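First up is the structure itself, then whatever we jot down about it.
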Amino acid sequence: MDRQVSMQGQGVVGMAVVAPKLSSAARRRQLREKVIAGIITAMAFTGIAALVLILVFVAKEALALFLDAEARHEASLSKMFLPQVARAGRPATFVWQPVSSVPKVSMIPLFIGTLKTTLVSMVVAVPVGVAGALFAAEFAPRRLREVLKPTIELLAGVPSVVLGFFVLMVLASFMQDTFGVGSRLNALVAGLGLSLAIVPVIFTVTEDSLTAVPRSYREASLALGATPWETAWKVVLPAAAPGILAACVLGFGGAIGETMIVLMASGNAAIVSASLMDSARTLSATIAAEMGEVVVGSPHYSLLFFLGVELFVFTFLLNMLASTWTRRVLKRLSGAGA
Amino acid sequence: MKTFIASLTSLLLLVLPGTSQAGTLTVKGSDTLVILAQRWAEEFMKKNPATKLQVTGGGSGVGLSALINGTTDIAMSSRPIKDAENKQLSARSNAPATQIAVAKDGVTFYVNESNKLDALTAEQLRDIYLGDITNWKDVGGLDAPIVVYSRENSSGTYVFVKDHLLKGEDYTASAQTLPGTAAVVNAVAKEKNGIGYGGAAYAKGIKELKVLQGKEAIAPSEENIKSGKYPLSRELYFYLRAKPAGDAKAFLDFVLSPEGQALATKVGYFPVK
């Protein structure tokens, strides 16, 4: 924003000095440049405006949870985050049963479900994506690379509902036949399905940042007697670290918000357990499954929007952490280079 | 040009009285009935283009309160009207509501076809869905964990099972929720320790459970649901403020006709007669 203003400022000052000498054609050209710059700026701000408007809308719908007396009674913060007695005579537990005579709205099972599927997908997708990108950027022959990159990127174009269907029908049965797990649809299967969706993202961004590492780094390393593997692992990979981190954050954001695959493949049971073999219910799948029939303006409705706000806050915080870290690494790298 | 305008006006004259005379009938209420009522309305309007029908959901309670407030002509309900509601209605329109059963609905429980059990009592089903029984051996099956499948909480079937079988208590947390009867059937067909519920289904790989009452195992067949013998069945109602007349009577006659009842079977419900 500041830069925009100062650039425009410079333009005005420059014109004031040079203006009398300009031909009309040149002046028209300058005007056209300005109009185009203005349009592009407006476009850029449309994106930001949309983001802000979405956030305001979602937050407004969620806010009723804290303002409305009925909603405050039904879904207070303590009911959302502390164990509650679900059935008389049983110990207090975390239960998500928003449609009930006494709604139980604990978010803990949803957090656990989201964490489990996202973690599984990251554990699988980050090594696969980064290793694949390292191979494509450093070791693959040019011909192979030209096939590899578009093919993996094609995977990003597969609609998530198709991936979800594949996981539901094929992968889940395969996992059950191979490992004999108790529940066919579980957090592990859903996480594996998610990783299919985010490997292309991590691969593409990582590959781009590896290719962007200056040739001189590699040449210097090889000249000092390092093997190609040592060069890739100890020089190129650290130099591309900010880009790789950005890739992981993008992948994480995709995994935590991805809805269709987990909705189809996780079984959607809101269970509090550490086992990956148990069914899991994620925040995004809960919103998708329950928004269809909820009464607009009811506490349950606000609650679903509150889940949306939480998802937003998670990704926002992670993005912020990642960008601060990236800046620090970049500073260190450029400091070392100087 | 003149003839064109003349024909246009004559056309308008022809059409206008038609639209102004045509009654608009509003039907509102139960989400269980809304799909069926929409099908009925479509077919009915094909035959009687003069009558316009508006079908909206919202839930049985919403429909009945709209009937009391006079904002709908017909209320759909998946439960009988409450005494309090009927009193309110009598106070407004000097007569109790007219109740007409329009279709029947029954919930079937399925297990995988390899499961050796054929029938369970309603209490056993209840305990399984409450999470008190978690192993098939406790109900006479093999020693294997029960994988419980349920529907999303937006589903009318979810509410029916919750109200009728679980008596309003919550499903076990480990019940996996799936969208639609087809998804449940598919899951149970693939899961040999699975149990699920939904409308009547004829699919490979699953077996419909009978419900044990005393010594008798009652199958969720059409005749058992029609006669009310199958314990997990219910009637679905239309409520009106007075005796049906005019457009409402014509619509109800269509609904109760063999053709209307055949539509009910097609959508997955059972005829009342």
Query raised in the report: When residues of the range A:92-116 are filtered for being within 14 Å of chain B (Cβ to nearest Cβ), crowded, with 19+ Cβ neighbours inside 10 Å and assigned to a helix (DSSP H, G or I), how many remain?
Result: 4
Query raised in the report: Name the pairs whose Cβ atoms lie under 8 Å apart, with the first residue in the range B:216-231 and among the hydroxyl-bearing types (S, T, Y), the second surrounded by 15 or more Cβ atoms within 10 Å (Cβ to Cβ) and in a helix (DSSP H, G or I), and 6 or more positions between them or separate chains?
Result: B:Y230/B:N224
Report summary line: Checked the range B:182-198 for anything more than 9 Å from chain A (Cβ to nearest Cβ) and crowded, with 22+ Cβ neighbours inside 10 Å; matches are B:V184, B:V185, B:V188, B:I195, B:G196, B:Y197, B:G198
Requested in this report: Output the number of the condition that A:K331 fails; it satisfies all remaining conditions of (1) at negative phi; (2) in contact (Cβ under 8 Å) with a residue 12 or more places away in the chain.
Outcome: (2)
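Here's the yes/no breakdown for (1) at the interface with chain B (Cβ under 9 Å from one of its Cβ atoms); (2) closer than 24 Å to A:A190 by Cα; (3) charged (D, E, K, R); (4) surrounded by 21 or more Cβ atoms within 10 Å (Cβ to Cβ):
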residue: A:G251; (1), (2), (3), (4): no, yes, no, yes
residue: A:G267; (1), (2), (3), (4): yes, yes, no, yes
residue: A:V272; (1), (2), (3), (4): yes, yes, no, no
residue: A:V296; (1), (2), (3), (4): no, no, no, no
residue: A:Y301; (1), (2), (3), (4): no, no, no, no
residue: A:N319; (1), (2), (3), (4): no, yes, no, no
residue: A:A322; (1), (2), (3), (4): no, no, no, no
residue: A:R327; (1), (2), (3), (4): no, no, yes, no
residue: A:L330; (1), (2), (3), (4): no, no, no, no
**Report entry** Boolean, A:V162 is under 28 Å from the mean Cα position of the chain (by Cα), assigned to a helix (DSSP H, G or I), away from chain B (no Cβ under 14 Å) and without any contact (Cβ under 8 Å) to a residue 12 or more places away in the chain
**Finding:** yes
Query raised in the report: Just checking, how many residues over the range B:164-203 are farther than 28 Å from A:D278 by Cβ and in contact (Cβ under 8 Å) with a residue 60 or more places away in the chain?
Result: 3
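Conditions (1) in a helix (DSSP H, G or I); (2) under 26 Å from the mean Cα position of the chain (by Cα); (3) surrounded by 14 or more Cβ atoms within 10 Å (Cβ to Cβ), marked per residue:
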{"residue": "A:V123", "(1), (2), (3)": "yes, yes, no"}
{"residue": "A:P127", "(1), (2), (3)": "yes, yes, no"}
{"residue": "A:A131", "(1), (2), (3)": "yes, yes, no"}
{"residue": "A:E138", "(1), (2), (3)": "yes, no, yes"}
{"residue": "A:L155", "(1), (2), (3)": "yes, yes, yes"}
{"residue": "A:F166", "(1), (2), (3)": "yes, yes, yes"}
{"residue": "A:T178", "(1), (2), (3)": "yes, no, no"}
{"residue": "A:A232", "(1), (2), (3)": "yes, no, yes"}
{"residue": "A:V236", "(1), (2), (3)": "yes, yes, yes"}
Report summary line: The lone condition A:R87 fails out of (1) within 14 Å of chain B (Cβ to nearest Cβ); (2) crowded, with 20+ Cβ neighbours inside 10 Å; (3) in contact with an Asp or Glu (Cβ under 8 Å, 6 or more places away or on another chain) is (2)
Report task. Return yes when B:Q176 is at pLDDT 85 or above and crowded, with 22+ Cβ neighbours inside 10 Å and no when it is not. Result -> yes
**Report entry** Hey, A:S173 among the polar types (S, T, N, Q) and assigned to a helix (DSSP H, G or I) or not
**Finding:** yes
Query raised in the report: A:L276 passes all but one of (1) away from chain B (no Cβ under 14 Å); (2) outside any helix (DSSP H, G or I); (3) without any contact (Cβ under 8 Å) to a residue 40 or more places away in the chain; which number fails?
Result: (3)
Report summary line: Listed by range, helices (runs of 4 or more DSSP H) wholly within the range B:202-273 having at least 1 residues that are farther than 24 Å from B:D31 by Cα are B:222-227, B:246-256
Report summary line: By residue number, the members of the range A:176-199 that are under 14 Å from A:S279 (Cα atoms) and of a type in the set (A, V, I, L, M, F, W, C) are A:V181, A:L185, A:A187, A:L188, A:V189, A:A190, A:L192
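The values are calculated or read from the model by the stated rules, or taken from the named source; none is laboratory data. Please read these numbers as outputs of a predicted model, since none were measured by experiment. Methodologically, a virtual Cβ is constructed for each residue, glycine included, from the backbone with ideal geometry; neighbour enumeration extends over all protein chains shown.
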